[in-house]
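*Asks:* Shown below is the structure under consideration.
The values are calculated or read from the model by the stated rules, or taken from the named source; none is laboratory data. Remember, it's a predicted structure, so these values are computed and weren't measured experimentally. Counting neighbours? That spans all protein chains shown, and the Cβs are built from the backbone with ideal geometry, glycine included. Surface accessibility is based on the protein's heavy atoms, side chains included, excluding ligands, DNA and RNA. Shrake-Rupley method; radii C 1.70, N 1.55, O 1.52, S 1.80 Å.
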Amino acid sequence: MAVLLSRIKGMLFLLFLPCFCSGQPAPPPLRFSIFLDPSKMVYLRWDHDEQELMTFELQVHTTGWVAFGFSSHGELPGSDIVIGGVFPNGSIYFSVS
């Protein structure tokens, strides 16, 4: 996993969100996956293309929000973080910091 993180340093990251609208193409298959916790509540899938553009899918059992971060040093301070969730009315939000 550490080798993967060192390879993705400096690359463009994309959070892939499948669209369930009619007429949209199916998302590409993601070749790599791992549970990120012992209770198997956080499941990460990812892949990259020929230009090394990364695609991520994060499946989380949550109460309505999730955060996902990247860093070249493995710590929270100075990392890039995506936060997303669902409001009580069902609308979805995402924020990048």
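*Asks:* Scan the range 49-79 residue by residue and report those that are touching a Phe, Trp or Tyr at 6+ places or on another chain (Cβ under 7 Å) and either open to solvent by 60 Å² or more (accessible area, probe 1.4 Å) or not in a strand (DSSP E or B) (or both).
*Replies:* GLN59, SER79
*Asks:* Cβ-Cβ under 9 Å, sequence separation 6+ or interchain: first residue in the range 79-96 and of a type in the set (S, T, N, Q), partner open to solvent by 90 Å² or more (accessible area, probe 1.4 Å). Which pairs?
*Replies:* SER79/HIS73
*Asks:* Which one of these does SER97 not meet: (1) at pLDDT 90 or above; (2) open to solvent by 80 Å² or more (accessible area, probe 1.4 Å)?
*Replies:* (1)
*Asks:* Tell me which of these LEU14 doesn't satisfy, since it passes every other one: (1) more than 20 Å from SER79 (Cβ to Cβ); (2) at pLDDT below 65.
*Replies:* If we test LEU14 against (1) more than 20 Å from SER79 (Cβ to Cβ); (2) at pLDDT below 65, just (1) comes out false.
*Asks:* Quick check: anything in the range 41-48 under 21 Å from PRO29 (Cβ atoms) and open to solvent by 80 Å² or more (accessible area, probe 1.4 Å)?
*Replies:* Within the range 41-48, none of the residues are under 21 Å from PRO29 (Cβ atoms) and open to solvent by 80 Å² or more (accessible area, probe 1.4 Å).
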